[in-house]
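Notes to accompany the following structure.
Each value in this text was obtained by applying a stated rule to the coordinates, not by laboratory testing. All figures in this text were calculated on a predicted structure; none of them were measured in a lab. Heads up, the Cβs are rebuilt from the backbone with ideal geometry, glycines too, and the neighbour counts pull from every protein chain shown.
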Amino acid sequence: METHIWDVRAFKDNLHQYPYINDIKDTVIKGGLVAIPTETVYGLGANAKDEVAVKKIYEAKGRPSDNPLIVHVHHRKQLDKFVEHIDERVSKLMEAYWPGPISFILPLKSGYLCETVTGGLNSIAVRMPSHKIGRALLQVIDEPIAAPSANLSGRPSPTTFDHVFHDLNHKIDGIVNGDQSEEGLESTVLDCTQFPFRIARPGSVTKEMIEKVLPESVQDIHFTENEKPIAPGMKYKHYSPDTPLTIIENLNHKIDNNEKWKDTAFIFPESMKSLLPESAQFISLCKNAQDIKTANHNLYSILHSIDRSSDIQRAFIFGFEKKDQSEAIMNRMLKAAGNEIIKGDTL
């Protein structure tokens, strides 16, 4: 399959002037798969009303069929066609954080979206991206778009055009080149089918932020591996590089320098570089342990880069202290590392 490349970066302030904008729209409307940029990660978009097109997403990614998708919209009025109702409390959160990196799981009104997009559930996750190009594309296409991350299932999510091209060239109809994703981690997914709400997947909109708008509205409960997944990233192995990855917690001493580290990468804050062996490769995750926003932005690009380096055979990554702001990145890192964690004093 030929994968078309549409470089729209020069038109991000007025996408309607892009010469081939109708080609992108027609590709999606006619059942094709197009990777589009969002502020979180690049999404692999298909018409959420088209059963055949949505099934192509699962085939292209190698994604389990019971793993539901998030539907992307450019305006709240689109929800009227496929959402049963929106609670007033959810409306307050939408007013506060949409467009933006949060998805809401809402009761589904049947008959409009195709069945495959829900993973067999009676609910649907919806999001309105804030990315200038991504949202403009949704406006041009003007259909609800199912869009999981534009990568092979289980791999680190794509935050750049190059990441998408590496995984999906010749597997999908097109890729929109539209700059790097700002956030770098997937959206928060909030289950609003019950109250108190539950966070099905943590992201940059945290529990603390949600409860600033709606105090005591989020239940502290964790989903189990046996539960049917109601959001992407819950059940299956995700975000994993091919390079073996281990999380290091509580590193408080300098690691002895010797040849055993020569094929190893340490992915750490710059402030901790002096504790790491000189013979290893240092990769900057962020400035310091409090710089979580930068770490979020950099994580997936780093995981992609270590797989492309022939000099790196294993990698260790800094484990952040558990708190509201670090929940999302630790969620991704634990899945990427297969829950492999060691204490710094063992090195």
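Classify the stretch 116-184: rounded, prolate or oblate, from the alpha-carbon gyration tensor (a ≥ b ≥ c, eigenvalue square roots; a/c under 1.5 rounded; otherwise prolate if a/b is larger than b/c)?
Here the stretch 116-184 falls in the oblate category.
Considering only C-alpha atoms, what is the centroid distance from the stretch 290-318 to the stretch 47-70, in Å?
One Cα centre to the other: 28 Å.
What is the angle, in °, between the Cα long axis of helix 132-141 and the longest principal axis of the Cα atoms in the chain? Nearest 10 is fine, range 0 to 90.
For helix 132-141, the angle is close to 30 degrees.
Could I have the simple spin-label model distance between H170 and K132, label points 7 Å from Cα toward Cβ, reported in nm to one decimal?
3.5
Let's test the formula: R0 of 41 Å, r as the Cβ-Cβ distance of Q219 and N288. What FRET efficiency results, to the nearest 0.05? List each step's numbers first, then the result.
Working: r = 32 Å, r/R0 = 0.79.
Step by step, r from the Cβ atoms, then E = 0.80.
Counting only residues 5 or more places away or on other chains, whose amide H sits under 5 Å from the amide H of A48 once H atoms are built in the peptide plane?
Under 5 Å from the amide H of A48: I145, A146.
With labels modelled as points extended 7 Å from the Cα through the Cβ direction, what inter-label distance (nm, one decimal) is found for D162 paired with K212?
Placing both labels 7 Å along Cα→Cβ, they lie 3.4 nm apart.
Which FRET efficiency value, to the nearest 0.05, is calculated for Q194 and I29 with the Förster distance at 45 angstrom and r the Cβ-Cβ distance?
Given R0 = 45 Å and the Cβ-Cβ separation, E is 0.80.
Does the stretch 62-212 classify as rounded, prolate or oblate by the C-alpha gyration tensor (a ≥ b ≥ c root eigenvalues; a/c under 1.5 gives rounded; else a/b over b/c gives prolate, otherwise oblate)?
Cα axes put the stretch 62-212 in the prolate bin.
Quickly work out the K254-to-R76 label distance, labels modelled 7 Å from Cα along the C-beta direction, and quote it in nm with one decimal.
5.8
May I ask which residue of F104, I86, P215 lies farthest towards the positive end of the charge dipole of the stretch 70-225, with charges of +1 (Lys, Arg) and -1 (Asp, Glu) on Cβ and the Cα centre as origin?
Looking along the dipole axis, the top candidate is I86.
How large is the charge dipole for the stretch 6-108, taken about the Cα centre, if only the Cβ atoms of Lys, Arg (+1) and Asp, Glu (-1) carry charge, to the nearest 20 debye?
It works out to roughly 100 debye.
Ranked highest first by the average count of other Cβ atoms within 10 Å around their residues, in what order do 245-253, 187-195 fall?
Put in order of decreasing packing, that is 187-195, 245-253.
Quote to one decimal, in nm, the extra length available between S110 and V140 on full extension: 0.36 nm per residue of separation minus the C-alpha distance between them.
8.3 nm
At 0.36 nm per residue, minus the direct Cα-Cα distance, what do Q325 and Q313 gain on full extension? Give it in nm, one decimal, please. Before the final figure, lay out the partial values.
Details: separation 12, 0.36 × 12 = 4.32 nm, distance 3.04 nm.
This chain segment gains 1.3 nm when fully extended.
Is the C-alpha gyration tensor of the stretch 5-134 telling us rounded, prolate or oblate? Criteria: a/c under 1.5 is rounded; beyond that, a/b larger than b/c is prolate, otherwise oblate.
oblate
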